[in-house]
Amino acid sequence: MKYQTLLAAALLLGACNRDKTAEVGTLGMNAAATAASDALANPAVDNPNVVSENETPDPNAPVMKFSEAEFDFGDIQPNAKVNHVFTFTNAGKTPLLIEDATASCGCTTPRWTKEPVAPGAKGTMEVQFDSRGKQGIISKQVSVRANTQPSITTVLIKGNILTADAKGANPL
């Protein structure tokens, strides 16, 4: 027991460094700890959806402009499939090519124009939503990856899936 106490005391004394001014500087311990924690809390992350500060935007890049970025289906019957077609225009100077479109949920399926969209021409993004097994308010996002800057553009569908018992109910 005596040896354990001596070992613990030796470790504590060896680990304690009372003269931190050389490491910390004139700002003190809290400032040094804050700077270290800020670096850990806010790490630099490369976001493919944002043009970096040192990268110049391409003035000739295609530009995807949707006529609407959001569509509300309103009330949706249970176990129904509903569709909406989003229309976009290539407002850029070079052909626009959609690489991929992904939905935030497996109940939402996007289909899009596969061939390049010439400058000034229109293309479509059809989004189908399957309400099977769902109820209440929904909001689903579709991320469209294309050769644009930024590379991801999003559209949103939303609605209210009725419950099976409310399907044929008439309000008073």
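The values are calculated or read from the model by the stated rules, or taken from the named source; none is laboratory data. Since this is a predicted model, take the numbers as computed values, not measurements. All Cβ positions, even for glycine, are placed from backbone atoms using ideal geometry, and neighbour counts span all protein chains on display. The protein model used for the area step is the full one, side chains on, heavy atoms only, and it has no ligands, DNA or RNA in it. Shrake-Rupley method; radii C 1.70, N 1.55, O 1.52, S 1.80 Å.
Brief remarks follow.
- Residue in region 107-123 that is under 23 Å from the mean Cα position of the chain (by Cα) and without any contact (Cβ under 8 Å) to a residue 12 or more places away in the chain present: no
Residue by residue, here is whether (1) open to solvent by less than 30 Å² (accessible area, probe 1.4 Å); (2) of a type in the set (Gly, Ala, Ser); (3) assigned to a strand (DSSP E or B); (4) out of contact with any Gly (no Cβ under 8 Å at 6 or more places or on another chain) holds:
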position	(1), (2), (3), (4)
THR87	no, no, yes, no
MET125	yes, no, yes, yes
ARG132	no, no, no, yes
VAL144	yes, no, yes, yes
PRO150	no, no, no, yes
ILE157	yes, no, yes, yes
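- Residue, modelled with the lowest pLDDT, within region 144-172, restricted to residues that are within 18 Å of PRO116 (Cα to Cα) and of a type in the set (S, T, N, Q): GLN149
- Here GLY74 meets each of (1) surrounded by 13 or more Cβ atoms within 10 Å (Cβ to Cβ); (2) under 30 Å from ASP165 (Cβ atoms) with one exception, condition (1).
- Filter result (surrounded by 14 or more Cβ atoms within 10 Å (Cβ to Cβ) and over 14 Å from ALA146 (Cβ atoms)) within region 89-103: ALA103
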